[in-house]
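One structure below.
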Amino acid sequence: MTFRATILTLYPEMFPGPLGTSLAGRALEDDVWTLEARNIRDHAVGKHRTVDDTPAGGGAGMVLRADVLAAALDAVADGRPMLAMTPRGAPLTQARVRDLAAGEGATILCGRFEGFDERIFEGRAIEPVSVGDYVLSGGELGAMVLLDACIRLLPGVMGAASSGEEESFDEGLLEYPHYTRPVEWEGRTIPEVLRSGDHAKIAAWRKQRAIDDTRLRRPDLIERHGGAREAPPSGAQRDT
Ligand code: SAH
């Protein structure tokens, strides 16, 4: 099954952009996924081909019109999930990415200016998605983030089939840290356990580091998933 991405944007020329390179680019060439970037302006209204108007109630900037957005969405609607990039949406998670990647693709609406007329979310089944608690100038980069996260999970995209299986966030934890040669760099050595060849010990060390690092850096993840409750923080022994 091919994963089909449809982007609704005022700047279709931004695509595929970085998604035309490396893993995603090769997968696009190989038809593992398809991309269609369509201009919202094709559905503009009036003799001035308008897509936006001033905010009701006053304030700076312009708001994308619901009727224009609906026409753009209706022209491509085919049962795939419809997402809209907005800082007011639910923060994107690896779990949502996995669900999307397992499906037929998505239609992604990209905002500009002050964003969308809110009624579009009432008039159409659209999932508002945020890529983080900061404000971008447009939804296009957010859509690329979402697509990149999905595409790398599509069958055959990542070299080693296993490298997508045990990653940050899958168990509500950050992944353990990685090391590679040289064994010594600027006086720092690779943790002894990783050179021991003892796979059980290595697995235990990795699990503990995942728990410790998540506690330290992302206590919110531990809270949210109730993850790693059984294992106490190891405290010391970082380098053994
Ligand atoms: N005034 C809006 C921000 C508009 S930014 C607000 O404060 O909520 C313009 C567009 O950029 C948005 O419509 C959205 O499509 C995109 N955008 C900005 N920040 C984003 C984020 N964190 N996640 C997803 N999309 C974002």
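The values are calculated or read from the model by the stated rules, or taken from the named source; none is laboratory data. In this text, all values refer to a predicted model and were calculated from it rather than measured experimentally. Virtual Cβ from ideal backbone geometry, glycine too; neighbours counted across all protein chains shown.
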* Within segment 48-76, tally of residues that are of a type in the set (Gly, Ala, Ser) and in contact (Cβ under 8 Å) with a residue 40 or more places away in the chain -> 6
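Can you say whether ASP117 is under 28 Å from ARG26 (Cα atoms) and outside the structural domain of ASP212 (by TED's automatic domain parsing), as far as the supplied structure shows?
Working: under 28 Å from ARG26 (Cα atoms): no; outside the structural domain of ASP212 (by TED's automatic domain parsing): yes.
No; evaluated as a whole, the condition is false for this residue.
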* Asked: Does GLU29 satisfy the condition of being surrounded by fewer than 13 Cβ atoms within 10 Å (Cβ to Cβ), among the charged types (D, E, K, R) and assigned by TED's automatic domain parsing to the domain that holds TYR134?
  -> yes
* Being out of contact with any helix residue (DSSP H, G or I) (no Cβ under 9 Å at 6 or more places or on another chain) and not charged (D, E, K, R) is the filter here, so list the residues in segment 13-55 that pass it. => THR21, SER22, GLY46, HIS48, THR54, PRO55
